[in-house]
Amino acid sequence: MNEIIEYLIDEKMNDIHTSLPARIEEINYEKGTCSVVIDGKRILAGKEVNFPKLIDVKMDFKSFGSWTLQIPRKKGDKVWIGFSEIAENNISQERFSLNEPYIIGSREESYLNNSEDIVLSGKGTTILIKGNGEIEITTGANQMILNSNLKVNGNIEHSGNYTLTGNLEHTGITTHNGNLTVVGNVTASGGVAAGGISLKDHTHKYIPGDKPQTSTGGAE
């Protein structure tokens, strides 16, 4: 009798699951679910058998307040699958069965040896929020697009070429090392100096006539 009771208890315990290692096989992006294959075996009726393929596994999508965070899962991703104690929004007698599965995290072996920084990386792109508060962004596509107005309170140091399409309104002093080419008009409400010579207040000799004359301002 004891052997029978122990066997029944073991069978029940073998069907209680908290989390299992799995690989994503198919993804339904519209529903936010996927199907997964469990990496491992289970004991059923005293025999070692495969787990069934789990369907309608909820993706690890984060929603908080008016913000959301979506992880771009792909086929073959190694993940951990968790199981609910009861069916969502229902009263259930099930306890951590293979029903109501959901992704609880990744199980990849690419954790960086880094205890201070927040790192988002992939496709050659890295967004690094350092422990000291500094932010560093490297794009694998060698391009970053910002579809918004940009306001910077602080200094900007730029190395490389600069192309501007549109108007430029400048208040303050600019120091520029390199060539500057303007296609269009340049208007200045103040003075403009080139090579230490003021365009507004410079003087030069006016040759025509018998005697050299001096003219102030204007171009010759």
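A compact table of results
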| item | result |
| --- | --- |
| Among residues of segment 18-48, those that are assigned to a loop (DSSP other than H, G, I, E, B), surrounded by 11 or more Cβ atoms within 10 Å (Cβ to Cβ) and among the charged types (D, E, K, R), counted | 1 |
| Filter result (of a type in the set (D, E, K, R) and farther than 17 Å from Pro21 by Cβ) within segment 45-57 | Lys47, Asp56 |
| Pair list, Cβ under 8 Å, 6 or more apart: segment 51-76 residue within 16 Å of Leu120 (Cα to Cα) and in contact (Cβ under 8 Å) with a residue 24 or more places away in the chain, other residue part of a strand (DSSP E or B) and open to solvent by less than 100 Å² (accessible area, probe 1.4 Å) | Arg73/Ile24; Arg73/Ile27; Arg73/Cys34; Arg73/Val79; Arg73/Ile103 |
| Segment 141-167 residues that are touching a residue at least 12 places away in the same chain (Cβ under 8 Å), paired with ones that are assigned to a loop (DSSP other than H, G, I, E, B) and surrounded by 10 or more Cβ atoms within 10 Å (Cβ to Cβ) (beta carbon under 8 Å, 6 or more apart) | Ala141/Gly124 |
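The values are calculated or read from the model by the stated rules, or taken from the named source; none is laboratory data. Here the structure is a predicted model, which means the values were calculated and not measured. Cβ sites come from the backbone with ideal geometry, for glycine too, and all protein chains shown count toward neighbours. Note: accessible area is taken over every heavy atom of the protein model, side chains too, but ligands, DNA and RNA are not part of it. Shrake-Rupley method; radii C 1.70, N 1.55, O 1.52, S 1.80 Å.
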